[in-house]
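Colleague: Let me begin by handing over the structure; questions about it come next.
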Amino acid sequence: MTTTTLTPAAPAPVARPLDVGPVTQANVIRSEWIKFRTVRSTVIVSALTALFMVGLGLLVSAITHSRWDHLDPEEQLPYNLIRRSLVGVNLAQLTVGVLGVLVITGEYTTGMIRASLGAVPKRLPVLWGKVAVFAPVTFALTLAASFAAFLGGQALLGSHGVALSAPGALRAVFGVALYLTVLSVLALALGFIIRNTAGAITALFALLLVLPAIAAALPNNWQRAIVPYLPLNAGQAVFMTHRDTNTMHPWAGFALFCGYAAVSIGAAAVLLRRRDA
């Protein structure tokens, strides 16, 4: 008779619990940073923002230098030369706004927001985490691009260029970054409020482009009473080096613009707590 030796089966692997840290604000910020830097669209749009700011500033400055003898005396004034090298902010504000919207509406579109809010039941840390990641990244990126656009643009202007120590120049360079940073927070808030990419971008563009166009059609006395306090005009006052009747004081306008962003973030926080994912 043949005997068969049975080999004991290998024990089934025991699943080990994942090493998940506590749900703290720091851990939420860390997870939001990972999401931000690993999404391809954020990298592309951030690169476009810097490209618009620097590229347009250099291009317009070079054209200005080539046409210097044909410019009106008003166009040759220092505040106009500063503005020319920072003209890229006009396109950068659109890309920053779109990116701010996409940071949150992309998660609503894919359904990933359910996982994010399921991992953070209190919900509000998700909002604060996105602000804590997106705002500093926007400020660092746009500040570097603003300096590059100004210094490169003024160098292309040659002997007509304006130094960074000129009145209002340093404030304009920093003001561009401050304006775009607060704008990014405002766009992020609209994304949380509307939760739809097309709707949030439309609302943002209405604030930035449609409202000023409508206000420009009003009688002059109405314009003086309304236009300076619109979000676009109030925010851009911080980097304007030439004031007119439709421009607030730089820091007063910036404070009002921050107020718009704060109210929007407050509304987003309330709705985030009350609505289902």
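Colleague: So how strong a dipole does the stretch 138-277 carry about its Cα centre when Lys and Arg Cβ are +1 and Asp and Glu Cβ are -1, to the nearest 20 debye?
Modeller: Values: 7 positive and 2 negative charges, 61 e Å.
The calculation lands at about 300 debye.
Colleague: Could you state the accessible area per residue of the stretch 80-153 in Å², with a 1.4 Å probe and every protein chain left in place? Present the calculation step by step, with values, prior to reporting the outcome.
Modeller: On the way: 2550 Å² over 74 residues.
Counting only protein heavy atoms, the per-residue value for the stretch 80-153 is 34 Å².
Colleague: Can you give the FRET efficiency for Ala47 and Arg243, using 1/(1 + (r/R0)^6), R0 = 30 Å, r = Cβ-Cβ distance, to the nearest 0.05? All intermediate terms of the calculation are to be shown ahead of the outcome.
Modeller: Values: r = 34 Å, r/R0 = 1.12.
The pair Ala47/Arg243 has a calculated efficiency of 0.35.
Colleague: In addition: How do 104-111, 65-72, 53-60, 168-175 rank on mean C-beta neighbours within 10 Å, highest first?
Modeller: Values: 104-111: 17.5, 65-72: 10.8, 53-60: 21.4, 168-175: 19.5.
So the order, starting with the most tightly packed, is 53-60, 168-175, 104-111, 65-72.
Colleague: Counting only protein heavy atoms and a 1.4 Å probe, tell me what percentage of the stretch 59-193's accessible area is made up of carbon and sulfur.
Modeller: On the way: 3610 of 5270 Å².
For the stretch 59-193, the apolar C and S fraction of the accessible surface comes to 69 percent.
Colleague: Compute the relative contact order of the chain as a whole-number percentage, counting only Cα pairs closer than 8 Å that sit 6 or more residues apart in sequence. Could the numbers behind the result be given before it?
Modeller: On the way: 356 pairs, mean separation 59.8, N = 277.
Once normalised by length, the contact order is 22 percent.
Colleague: Anyone know which of Gln223, Gln154, Gln93 comes out most mobile in the 10 Å Cα GNM of the chain?
Modeller: Answer for the Gaussian network model of the chain: Gln223.
Colleague: Put a dot 7 Å past each Cα toward the Cβ at Asn80 and Thr38; how far apart are the dots in nm?
Modeller: 5.2
Colleague: Quick one: Cα convex hull volume of the stretch 217-277, Å³ per residue? Write out the running numbers ahead of the final one.
Modeller: Details: hull volume 6.5 nm³, N = 61.
Output value, Cα hull per residue: 106 Å³.
Colleague: Still on this structure, I have one more. Give me the accessible area per residue for the stretch 189-241, probe 1.4 Å, as a whole number in Å².
Modeller: On the way: 2390 Å² over 53 residues.
About 45 Å² of surface per residue is accessible.
Colleague: Going by the alpha-carbon gyration tensor, a ≥ b ≥ c the square roots of its eigenvalues, is the stretch 101-194 rounded (a/c under 1.5) or, if a/c is not under 1.5, prolate (a/b greater than b/c) versus oblate?
Modeller: prolate
Colleague: For the stretch 23-128, rounded, prolate or oblate, judged on the Cα gyration tensor with a ≥ b ≥ c (square roots of eigenvalues), a/c < 1.5 rounded, else prolate if a/b > b/c? Spell out each step's value before the answer.
Modeller: Working: a/c = 4.16, a/b = 3.40, b/c = 1.22.
Prolate is the answer for the stretch 23-128, as a/c is 1.5 or above and a/b outweighs b/c.
Colleague: What does the charge dipole of the chain about its Cα centre add up to, to the nearest 20 debye, if the Cβ of each Lys and Arg holds +1 and the Cβ of each Asp and Glu holds -1?
Modeller: Numbers: 19 positive and 9 negative charges, 188 e Å.
Computed charge dipole of the chain: roughly 900 debye.
Colleague: Step by step: find N for the stretch 110-160, compute 2.2 N^0.38 Å, then divide the Cα radius of gyration by it. What's the final number?
Modeller: On the way: Rg = 19.4 Å, N = 51, 2.2 N^0.38 = 9.8 Å.
For the stretch 110-160, the normalised Cα radius of gyration is 1.98.
Colleague: Would you mind computing Rg(Cα) / (2.2 N^0.38 Å) for the stretch 118-277, counting N as its residues? Let's see the in-between values first.
Modeller: Details: Rg = 18.1 Å, N = 160, 2.2 N^0.38 = 15.1 Å.
That works out to 1.19 for the stretch 118-277.
Colleague: Roughly to the nearest percent, how much of the accessible area of the stretch 194-242 is carbon and sulfur, given a 1.4 Å probe?
Modeller: C and S atoms contribute 67 percent here.
Colleague: Run the numbers for Arg274 and Leu124: contour at 0.36 nm per residue of separation, minus the present Cα-Cα distance, in nm. All intermediate terms of the calculation are to be shown ahead of the outcome.
Modeller: On the way: separation 150, 0.36 × 150 = 54.00 nm, distance 1.09 nm.
So the chain would gain 52.9 nm between Arg274 and Leu124.
Colleague: I'd like to verify something in the chain: which complete DSSP H helices, judged by Cα projection on the helix axis, reach 18 Å or more and average at least 1.6 on the Kyte-Doolittle scale?
Modeller: On the way: long enough: 25-38 (20 Å, -0.57); 40-66 (38 Å, 1.52); 89-110 (30 Å, 1.21); 124-156 (47 Å, 1.52); 169-194 (37 Å, 2.27); 250-274 (36 Å, 1.21).
Span-like helices in the chain: 169-194.
Colleague: Taking all protein chains together and a probe of 1.4 Å, list Val131, Val126 from the most accessible to the least accessible. Mind showing how you got there, number by number?
Modeller: On the way: Val131 35, Val126 0 Å².
The residues order as Val131, Val126, largest area first.
Colleague: Kirkwood hydrodynamic radius of the chain from all distinct Cα pairs, in Å?
Modeller: After inverting the mean inverse Cα-Cα distance, the result is 21.0 Å.
Colleague: Once every DSSP H run of n ≥ 4 in the chain is given -39500 (n - 2.57) and the sum is divided by its residues, what mean residue ellipticity at 222 nm do you get, rounded to the nearest 500 deg cm²/dmol? Working shown, then result.
Modeller: Details: 12 runs with 191 residues, N = 277.
Computed ellipticity for the chain at 222 nm equals -23000 deg cm²/dmol.
The values are calculated or read from the model by the stated rules, or taken from the named source; none is laboratory data. Nothing here was measured: the structure is a model prediction, and the numbers come from that model. Don't worry about glycine lacking a Cβ; one is built from the backbone with ideal geometry, like all the others, and counts go over all protein chains shown. Note: areas computed on protein heavy atoms with side chains; ligands, DNA, RNA excluded. Shrake-Rupley method; radii C 1.70, N 1.55, O 1.52, S 1.80 Å.
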